[in-house]
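The values are calculated or read from the model by the stated rules, or taken from the named source; none is laboratory data. Because the structure is a prediction, the values reported are computed rather than measured. Heads up, the Cβs are rebuilt from the backbone with ideal geometry, glycines too, and the neighbour counts pull from every protein chain shown.
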Amino acid sequence: MKTPMLFNRSVFQVKVGGAETTDEIVASLGSPFDKLINRFNFPLKPRETLRLDKLEVIDPDKKFSFFDCSAILSEAGLLTPSYEHAIRLAQQYKRVSVSVKKPYLVFPHEPWWDSFGSGRLIYLYRYPGSLGLGLQYHGHLFDNNCVVVGVRSHR
């Protein structure tokens, strides 16, 4: 799989854990976010011990679905991220921009099921100078301006 380097960063070291709630982190972003991304729907478990995870951005260079992400990540030797990875990346890298051509970072975590029974995923959109968190249906077909985020194993 060809992975074009369209980003000013394609690997992010993210601290996972801490005492902050989802609501506190999202409020501190100072940017648009889906109001359903809150401490009730996407709770963060407080952890005194922080873990450093390496997140990698993979460009499939084609349209893909949530169901394709497992194979994309596996081929790159990456693990599936959690929704906490998306929230923590937004918190810790507010000012890092990515390509305007590929501004949507998809986190294929275990879907959160809304009140209508639809699975939803957190995605991060990053343009130079702006950032936001949104939700997308897990059955959605992501187009060519989206990339996938995976976790490099600690082994």
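Just a few scattered comments:
- Filtered residues of the range 38-66 (kept if within 16 Å of the chain's Cα centre (by Cα), hydrophobic (A, V, I, L, M, F, W, C) and either over 19 Å from Ser153 (Cα atoms) or surrounded by fewer than 13 Cβ atoms within 10 Å (Cβ to Cβ) (or both)): Phe42, Leu44, Leu52, Phe64, Phe66
- Strands (runs of 3 or more DSSP E) lying entirely in the range 102-155 (those with 1 or more residues that are within 18 Å of Leu79 (Cβ to Cβ) and of a type in the set (Lys, Arg)): 146-152
Condition check ((1) within 20 Å of Tyr127 (Cα to Cα); (2) of a type in the set (Val, Ile, Thr)) across all residues:
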| residue | (1), (2) |
| --- | --- |
| Lys15 | no, no |
| Asn38 | no, no |
| Asn41 | no, no |
| Asp59 | yes, no |
| Leu73 | no, no |
| Thr80 | no, yes |
| His85 | yes, no |
| Lys101 | yes, no |
| His109 | no, no |
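- Residue in the range 72-81 that is modelled with pLDDT of 95 or more and closer than 20 Å to Glu20 by Cα present: yes
- Selected residue (only one of Glu84, Glu24, Glu56 is more than 17 Å from Leu131 (Cα to Cα) and of a type in the set (Asp, Glu)): Glu56
- Residue selected from the range 103-119 under the condition closer than 15 Å to Asn38 by Cα and exposed (fewer than 13 other Cβ atoms within 10 Å of the Cβ), by the criterion nearest to the chain's Cα centre (by Cα): Trp113
- Looking across the range 120-139, the residues that are in contact (Cβ under 8 Å) with a residue 40 or more places away in the chain and surrounded by 16 or more Cβ atoms within 10 Å (Cβ to Cβ) come down to Arg120, Leu121, Ile122, Leu131, Gly132, Leu133, Gly134, Leu135, His138.
- Selection status of Arg88, among the basic types (Lys, Arg), buried (at least 19 other Cβ atoms within 10 Å of the Cβ) and within 17 Å of the chain's Cα centre (by Cα): yes
- Counted residues, the range 1-21 - those being modelled with pLDDT of 90 or more and out of contact with any strand residue (DSSP E or B) (no Cβ under 9 Å at 6 or more places or on another chain): 2
- Test: His109 is at pLDDT 90 or above and in contact with a helix residue (DSSP H, G or I) (Cβ under 6 Å, 6 or more places away or on another chain): yes
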